[in-house]
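Right, one structure below, let's go through it.
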Amino acid sequence: MQIYSSPQQLGRLFTPCSSPSGVRSLSRCVLRGGIAVHGQILHPRSARDVSIAFSSGSTLAQEEIGRKNASDPEEEAEENLLLVRRPAKDLVREKADEEEEEESVASSSASGIETGLNEFAKKMPIFEPLERVVGGPEERPLPVNLELWLYRAKVLTRNFQFDDAERVLGKCSFFWPEDGRAYVALGKLFSKQSKLLEARAVYEKGSQATQGENPYIWQCWAVLEKKLGNVRRARELFDAATVADKKHVAAWHGWAVLEIDEGNIKKARSLLGKGLRYCGANEYIYQTLALLEAKSNRYDQARYFFRQATLCNSRSCASWLAWAQLEMQVENNRTARKLFEKAVQASPKNRFAWQVWGLFEYKYGDIEKGRKLLKIGHALNPRDPVILQSLALLEYKHSSANLARVLFRRASEIDPKHQPVWIAWGWMEWKEGNTSTARELYQRALSINDTTESAARCLQAWGVLEQRLGNLTAARRLFRSSLNINSQSYVTWMTWASLEEDQGNPIRAEEIRNLYLQQRTEVVDDASWVMGFSDIINPAVDSIRRLLKFDEDPAARVQSAARNIKYLEKASVDQLVNQSSSSGTGDGGGGIAVNENGGKDFDLDAFIKDRFSLQESDLDAIMENSRPGASLQPSRRRVWRLERGKSASPPR
């Protein structure tokens with residue numbers, strides 16, 4: 001039997017037989033591999049087709065022979081024409097198709113509502129992501145690969161290999177679309193590259209894939225919209241994050257920070273209180289409350305909240321650092337220095353701690369110690385341009401401009417999109433008399449982004465440069481552009497007013513001052529901070545009170561708050577610092593020396609030697625040999641030292 005594979009031969013199911021008609025012709029055609037029906041040969045495709053066609057063909061042949069015996073001569077002439085009849089199998093299929101069509105029509109008319117729901121579900125990708133349909137669970141790799149890929153993407157991002165990290169995170173979101181970590185990491189990766197629209201698309205896709213049940217995606221999306229200036233949209237997304245999980249403390253805190261930036265202090269306090277009520281004691285909420293009190297010049301209350309923050313986490317470098325800046329503001333230098341020591345012990349590689357401490361020592365006259373602290377910070381954070389910028393300004397004032405230029409150039413090579421580096425470099429060139437170079441550097445800073453606060457400061461500095469050179473029209477235009485970005489800048493308004501006064505336009509100068517007073521936004525903070533004070537500082541007490549269905553009267557509330565205020569007034573700053581640090585986990589690997597009075601002092605040299613195997617003589621060598629991409633650590637082998645109370649595990 002032959003099976004024809006060409007489309008033309010398969011399309012013709014019936015081919016004429018070359019033999020004469022009759023029984024012998026039928027037998028010869030069968031022997032040649034076909035089934036003859038009314039003089040036609042059917043070339044079957046399977047054994048089942050052979051049996052069906054043979055049975056139908058033989059039956060039809062017998063009927064035809066009987067019909068011949070009773071027919072007229074005229075009818076015999078018509079018999080010579082070839083008649084084609086469909087096999088019985090096709091007839092059965094045709095009847096089955098007709099029955100299916102009738103059933104489908106009946107079912108479609110009866111289930112109109114279900115059809116509409118199906119069409120609605122197709123238009124809503126939130127019900128079933130495309131990736132989940134394409135790649136079923138049976139096609140996924142093992143779940144451990146998700147954890148490995150996420151960690152690999154984190155390492156690649158840390159090494160600035162953004163394309164490889166994006167590819168790995170794309171695989172994670174493809175195979176595990178219901179896991180929100182891949183979307184969060186990919187959105188942060190795009191934000192780090194200033195691809196804000198791509199990050200928004202990733203967050204939107206992740207919220208649909210997770211069916212709106214992941215609060216981390218909502219919170220990151222809200223932060224992105226806040227960065228883009230969409231305050232109303234950011235509020236909606238923060239609200240969605242708290243609805244998805246009311247114990248998500250980052251959403252409450254981020255929403256409160258948004259309201260603080262918008263001047264809604266009362267709303268911010270309410271959100272922070274809800275965060276403590278639903279999430280319990282949290283260092284970030286206490287720290288934000290402390291900053292609010294410090295901004296309102298209520299320093300005792302601010303110290304109390306800083307103490308609560310450090311009690312929640314004694315390793316919180318941000319809390320120690322913010323507390324130290326508060327003491328700097330009130331010129332309590334001894335306590336501020338002690339708090340800086342706590343900050344670097346809590347997080348030895350924190351770049352902000354080393355930078356702010358170095359600027360503090362430089363501000364109060366200890367230039368050598370300030371330079372040393374900045375060099376240590378650079379040795380531990382070689383990819384940070386801010387420390388190099390601060391060190392360049394220090395060297396410009398106390399060393400030479402050429403050394404400062406070298407440091408500015410290194411900082412700009414590390415991060416070409418860091419605007420403050422270009423602005424500070426331009427200011428130095430202006431002071432050196434290189435006005436053309438200063439203009440180029442200011443223009444380079446504005447080319448990065450002309451809508452930020454750094455751009456407003458750059459325009460203000462450029463306006464002062466043009467004012468000193470006598471280009472008053474350009475100076476006015478630059479001041480106006482700066483105020484279009486940041487209309488709350490007191491320095492820019494007053495600089496413009498002084499320009500008009502110097503040109504003999506006192507009326508215009510007074511108009512500029514009045515404009516500043518009319519458009520400025522005053523942040524009004526209620527002085528009755530006692531409201532809900534016991535609820536804020538003791539959320540656990542409120543939980544027990546609600547559990548027992550017991551609430552104290554308002555008079556007892558006020559008395560409790562008054563006792564806390566009296567405690568704050570009597571307690572000294574040193575007592576608060578010692579109480580906060582008493583819950584720590586030791587000295588963090590050395591650096592503590594005993595003084596003559598039996599107390600403990602911080603030894604900076606011993607600390608960096610024990611923790612990082614750094615000598616003071618290594619700092620200058622690191623500064624001389626440091627280049628972007630080069631190794632900035634000492635060439636000698638680092639000795640791994642075990643801390644007390646910790647297991648002997650090798651460094652990762």
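The figures follow:
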item	result
Projected label distance in nm at Thr115 and Arg315, using a 7 Å step from Cα toward the beta-carbon	6.3
Within the accessible area of the range 217-376 (1.4 Å probe), percent carbon and sulfur	46
The range 408-469, relative contact order [Cα under 8 Å, separation at least 6], %	28
Per residue value of the accessible surface for the range 179-264 (all protein chains in place, 1.4 Å probe), Å²	46
Sequence of Cys317, Cys279 when ordered by accessible area, the most exposed leading, probe 1.4 angstrom	Cys279, Cys317
Per DSSP, loop GluC sites (Glu not before Pro) in the range 180-218 with at most 16 further Cβ within 10 Å	Glu213
Alpha-carbon centroids, the range 330-368 and the range 437-480: separation in whole Å	32
Residue list for the range 437-462, given a label point 7 angstrom along the Cα-to-Cβ vector of Phe162 and an amide N cut-off under 18 Å	447-450
Probe 1.4 Å - accessible area at Asp164, Å² to nearest ten	60
Label-to-label distance, nm, for residues given as Ala201 and Lys266 (7 Å Cα→Cβ offset)	4.4
Where the range 462-526 is the region considered: accessible area per residue in Å², 1.4 Å probe	58
FRET efficiency for Asp502 and Arg232, using Cβ-Cβ distance with R0 set to 45 Å, rounded to 0.05	0.60
Theoretical gain in end-to-end length, Leu472 to Glu147 [0.36 nm per residue, Cα-Cα removed]	110.9 nm
Accessible area per residue, Å², the range 265-338 with all protein chains present, probe 1.4 Å	39
Inter-site label distance for Glu139 and Lys431 at 7 Å from Cα along Cβ, in nm	6.3
Local electrostatic count, Arg405, Cβ distance below 13 Å [Lys/Arg +1, Asp/Glu -1]	-1
Cα shape, the range 401-480, gyration tensor, a/c 1.5 rule	oblate
Ranked packing of 242-248, 478-484, most packed first, by mean Cβ within 10 Å	478-484, 242-248
Lys/Arg +1, Asp/Glu -1 at C-beta; the range 354-503 dipole; positive extreme among Leu359, Ile376, Ser489	Ile376
Förster-model FRET efficiency, 45 Å R0, Ser487 and Leu604, C-beta, rounded to 0.05	0.55
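The values are calculated or read from the model by the stated rules, or taken from the named source; none is laboratory data. Please read all numbers here as calculations on a predicted model, not as lab measurements. A quick note on method: Cβ atoms are made from the backbone with ideal geometry, for glycine too, and the neighbour counts reach across all protein chains shown. When the accessible area is computed, the model is the full protein with side chains, heavy atoms only, and any ligands, DNA or RNA have been set aside. Shrake-Rupley method; radii C 1.70, N 1.55, O 1.52, S 1.80 Å.
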